Amino acid sequence: MSNTFVALENLDKRFAGHHAVKGINLDIKAGEFIALMGPSGCGKSTTLRLLAGLDEPTGGDIFIGGQSMRGIPAFQRDTPMVWQSLALFPFLSVVENVEFPLRMKKVGKIERRKRAMEWLERLGLGGMAERGISQLSGGQRQRVAIARSLVTQPPILLLDEPLSALDAHLRVRMQTELSRLHKELGITFIYVTHAQSEAFALADRIVLMADGMIQQIGRPQDVYREPANAFVAEFMGMNNIVRGGISGRSGDEVQIDGPLGRFIVLAKSNPRSRGIASFVIAADRVGLSEASAQDAVANRVNGSVIGIEFVGSTQTIFFDVNGQEFRVQKQQHEIDALDLTPGKRFALHWQPQHAWLLPEAA
């Protein structure tokens, strides 16, 4: 990748009885916002700690700005981290917390106070400089932690689930704040999160990990719409996976037969014409109609309503389709006229071009 600022080359980390990171490779451009995602224990936080210099790799190397980080301690890397716990000092005032990294760098008292106050003003905390940490709200503490990390003007910022302790309203506000800062500063952000919504809202690219390995790297829309394998499709949460075998192909159209029936998938970039196959259909791409309706679509299954999950104006309806759970996502106005009583049967249908043939057999 051109303009690479951070490079992980065959990065490996083993602990006693646990292989946390398994030879991963990743190039990150200067100024990119990268989100590391994956289930608990997948290696994303360990990768962040390796970048920060808090752990030493077992194998491979990390390059930042073209320089190997092998043997360089954390305090010499200029890779500050915003922690999930924030790790603010309760015995220091707000401004003293922000000044602390500058004190460690032997910056003079007048200069460090000036720079700390500039950052507090920038983050809307100028009037709280002399307060104690215990006097701040969760969102205010979060901004103090960010100011403390950025006061040294680093080329990279590492963030380890920094918003997980905030309530939903504050989380959205802080997402906006982080996005604004990233655009203004133009530095590299590497952000670990469990929250798909955060990653999709903030990141230029997502790195999805499982079992210490990278499963997929791509733009949020690509990872969501074109998952690299069944794990990625399932992790994204709102995908339905249909399994079967390829029984025919005509041009870009692949015919798949399985327990749920026969389906047509548009697969321009996938050359397979035989073998076990799975495809993904996102919940928001599935249409609904009465089970008795004769819809002129290539792909259709009948299912019974299990329940509904209300998330603001968007609703997720869960169906039982021959023992498999199917999810359909609709705006409230799209389903107002439907009788979604549990047990009611509906036809679920989608177009071939809206399904994604998984590159690997599930």
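Observations on the structure shown:
- Dipole magnitude (debye, nearest 20) for the stretch 240-357, charges at Cβ of Lys, Arg, Asp, Glu: 520
- By the count of other C-beta atoms within 10 Å, a proxy for reagent exposure, R112, R180, R345 are ordered fewest to most as R180, R345, R112.
- Counted by neighbouring Cβ atoms within 10 Å, the residues F75, F263, F91 run from fewest to most as F91, F75, F263.
- Neighbour counts of other Cβ atoms within 10 Å put R148, R143, R173, R274 in the fewest-to-most order R274, R173, R143, R148.
- Divide the volume of the convex hull around the Cα atoms of the stretch 1-65 by the residue count and you get 84 Å³ per residue.
- Set the Cα radius of gyration of the stretch 67-128 against 2.2 N^0.38 Å, with N its number of residues, and you get 1.28.
- For Q215, residues with placed amide H under 5 Å, excluding near neighbours: L208, M209, A210
- 5 angstrom amide H check on R249, placed H, neighbours 5+ away: Q255
- Charged-residue dipole, Cβ positions (Lys, Arg, Asp, Glu), the stretch 142-291 about Cα centre, Debye nearest 20: 260
- Phi-derived couplings, Karplus 6.51 cos²θ - 1.76 cosθ + 1.60 at θ = phi - 60°, listed residue by residue for the stretch 96-110: 5, 4, 5, 5, 3, x, 6, 4, 5, 8, 6, 6, x, 4, 5 Hz, with x used for Gly and Pro.
- Positive contributions from Lys and Arg (+1) and negative ones from Asp and Glu (-1), summed over other residues with Cβ under 12 Å from the Cβ of I146, come out at +4.
- Positive minus negative residues near R70 (Lys, Arg vs Asp, Glu; Cβ under 10 Å): -2
- Charge dipole (the chain, unit charges on Cβ, about Cα centre) - positive-most of Q67, T47, G307: Q67
- Residues whose amide H falls under 5 Å from that of V21, counting only those 5 or more places apart or on a different chain, are K13, with hydrogens built in the peptide plane.
- Efficiency of FRET from Cβ geometry, F310 and K105, R₀ 51 Å, rounded to 0.05: 0.50
- Helix 138-150 and the longest principal axis of the C-alpha atoms of the chain enclose an angle of approximately 60°.
- For the stretch 130-211, a Kirkwood hydrodynamic radius built from all Cα pairs, placed in the Stokes-Einstein relation at 10 °C and 1.306 mPa s, yields a translational diffusion coefficient of 116 µm²/s.
- Phi-based couplings in Hz for the stretch 178-194 (Karplus 6.51, -1.76, 1.60; Gly and Pro marked x): 5, 4, 4, 4, 4, 5, 5, 7, x, 9, 7, 10, 10, 10, 9, 8, 8
- In this structure, the residue pairs whose Cα-Cα separation is over 32 Å, taken from K109/K183; K22/K105; K268/K330, are K22/K105.
- Ranking V98, Q216, Q142 by how far each Cα lies toward the positive end of the dipole of the stretch 4-225 (charges on Cβ) leaves V98 at the top.
- Averaged over residues, the count of other Cβ atoms within 10 Å places the peptides 3-10, 133-140, 34-41 in the sequence 34-41, 3-10, 133-140, highest first.
- Net +/- balance of residues flanking G186 in space, Cβ distance below 13 Å, scoring K and R +1, D and E -1: 0
- log10 of Debye I(q)/I(0), alpha-carbon scatterers only, for the chain at 0.08, 0.10, 0.14, 0.15 Å⁻¹: -0.52, -0.75, -1.14, -1.22
- Size descriptor for the stretch 141-181, Kirkwood hydrodynamic radius: 10.9 Å (Cα pairs only, one decimal).
- Given charges at beta-carbon only (K, R positive; D, E negative), |dipole| of the chain in Debye: 940
Read the figures in this text as sums done on the coordinates, not as results from a lab. Nothing here was measured: the structure is a model prediction, and the numbers come from that model. All Cβ positions, glycine included, derive from the backbone under ideal geometry; neighbour counts span all protein chains shown.
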